[in-house]
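Enquirer: Here's a structure for you.
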Amino acid sequence: KKRIDPHFADVFDEAFGEISYWDDKYKQRAAANDEFDWFISFQDAQGVLEPLIRRDAKILVPGCGDAPFSRDLCAAGYEHLCNVDASDVVIERMRAASASASLPATVEWKVMDCRRLDLEADAFDAVVDKALLDCVRCRTDGRLAAADVLREFHRVLKPGGTLIVFSAHTRASLEQIFD
């Protein structure tokens, strides 16, 4: 049996680190015409985001899933969004939902592994992670994978850019990634 970092075992299931788990979840939610705002909604995050991110900022939303978060960001005036997820199932669904909601062309949906982002360096003013690092830590190689993700976030952020991480874990648990 695969084992995950013991600091995370009581919070997340090891399946959270597997794309197949998410593909199955997204298919189930699509069949039920359901969406899920994983961990925190835009309304709950808005007080943190607004003082830190300009409305005209180019924002990366890694591990976007099928949350209404990006749609809500857009409705609040943040219209330069690059949403990425490793699940092609969810990205196709979100592209279709984006088109039917008439979101601007500046809202992008891309299939991508956040450990190896196919994005230009210094391209984003902000990265807003809603528990992607939590899920990545559930992988058997979780600590290394999370470090790869953080390196990619740093690479794609412009100098002086803002990284916001919403996590279920303590600061001390997340700081282990930096060690």
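Enquirer: Right, Arg143: touching a residue at least 60 places away in the same chain (Cβ under 8 Å) and buried (at least 19 other Cβ atoms within 10 Å of the Cβ) or not?
Expert: no
Enquirer: To continue, here is another question. For the range 146-154, does any single residue satisfy the condition of being crowded, with 21+ Cβ neighbours inside 10 Å, part of a strand (DSSP E or B) and on the phi < 0 side of the Ramachandran plot?
Expert: No, the range 146-154 contains no residue that is crowded, with 21+ Cβ neighbours inside 10 Å, part of a strand (DSSP E or B) and on the phi < 0 side of the Ramachandran plot.
Enquirer: Also: Any chance the range 133-140 includes a residue that's open to solvent by less than 60 Å² (accessible area, probe 1.4 Å), part of a strand (DSSP E or B), closer than 26 Å to Gln43 by Cβ and modelled with pLDDT under 95?
Expert: no
Enquirer: Counting only residues that are open to solvent by 50 Å² or more (accessible area, probe 1.4 Å) and acidic (Asp, Glu), which one in the range 30-50 is modelled with the lowest pLDDT?
Expert: Asp34
Enquirer: Under 6 Å between Cβ atoms, which residue pairs at least 6 apart in sequence (or on different chains) link something in the range 56-76 that is on the phi > 0 side of the Ramachandran plot with a partner that is aliphatic (A, V, I, L, M) and crowded, with 22+ Cβ neighbours inside 10 Å?
Expert: Gly63/Leu132; Gly65/Val90
Enquirer: Report those helices (runs of 4 or more DSSP H) wholly inside the range 15-100 carrying at least 3 residues which are closer than 18 Å to Asp134 by Cβ.
Expert: 19-31, 42-52
The values are calculated or read from the model by the stated rules, or taken from the named source; none is laboratory data. Predicted, not measured: the structure shown is a model, and the values here were computed from it. Ideal geometry is used to build each Cβ from the backbone, glycine not excepted, and the neighbour counts take in all protein chains shown. These accessible areas exclude ligands, DNA and RNA; they are computed on the full protein's heavy atoms, side chains included. Shrake-Rupley method; radii C 1.70, N 1.55, O 1.52, S 1.80 Å.
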